[in-house]
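Novice: Have a look at this one before I ask anything.
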Amino acid sequence: MEKYLSLYSEALSRLECAAVADYCDCLPGACDCDFSDVKTLGKLLPDTFQEQIKSGNKMDCPCCGRYAQIYSRRIHATIARKLINLYNLGGDDRYVHTSRLILDGESGIGDFSKAKYWKLIQEAENTNDGKRTSGNWKLTEKGVGFVLNLITIPKSVKIFDDRVFGFSEEHVNIKECLDSGGFDYAEIMKA
């Protein structure tokens, strides 16, 4: 990696640019930077860096300094319970605020929004500039199929910068997710 950093420094010294950040691409589409104007560096460093990150290595981007790691997230019982709760609250055809999804004994919504990576839920448009998100979600057609145990989904998803970069080959259904947490599907669906 030191060899590439040296080449990077040489290339930067030849550039007529105002900021280093203008020449970075941690992963395609993941940041605003672009190596395309740097001939030597553009062919060497980005490909090598991206290969390292995609193979599971964790490192700082040699260009912008941003910490780079692909995270693996799995679908689990807590998310599955929230999806069923959303369904039971009418979230199959209308948006429901996350505050209504908090179950007895819980202090917050947890990983619920991660279900978006599997396209099981969609968020309502945020019309309030004072808030980061609307907090209102509904199930997608795929989400309804998952809740009704009609389909399986990949057990885990790979995420970088809030974007999906792949899924596991292993699939699970909602009952398997709930079983892993010691919950009974039929009992939760009745609630």
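FYI, it's all coordinate maths here, none of it is from the lab. As the structure is a prediction and not an experimental result, all values here were calculated from the model. Cβ sites come from the backbone with ideal geometry, for glycine too, and all protein chains shown count toward neighbours.
Novice: Using Cβ contacts closer than 10 Å as the measure, can you line up Tyr117, Tyr95 from fewest to most?
Specialist: Tyr95, Tyr117
Novice: Then there is this: Of the listed pairs Lys131/Lys190; Lys58/Lys142; Lys54/Lys142, which have alpha-carbon separations greater than 31 Å here? List each step's numbers first, then the result.
Specialist: Values: Lys131/Lys190 34 Å; Lys58/Lys142 33 Å; Lys54/Lys142 28 Å.
Listed pairs above 31 Å: Lys131/Lys190; Lys58/Lys142.
Novice: For the range 89-96, take each phi angle, set θ = phi - 60°, evaluate the Karplus expression 6.51 cos²θ - 1.76 cosθ + 1.60, and give the result in whole Hz per residue in order, putting x for glycine and proline.
Specialist: Result, rounded to whole Hz: 8, x, x, 7, 9, 8, 7, 10.
Novice: Please report Asp104, Asp179, Asp162 as a ranked list, fewest other C-beta atoms within 10 angstrom at the top and most at the bottom.
Specialist: On the way: Asp104 4, Asp179 15, Asp162 8.
Fewest-to-most Cβ neighbours within 10 Å comes out as Asp104, Asp162, Asp179.
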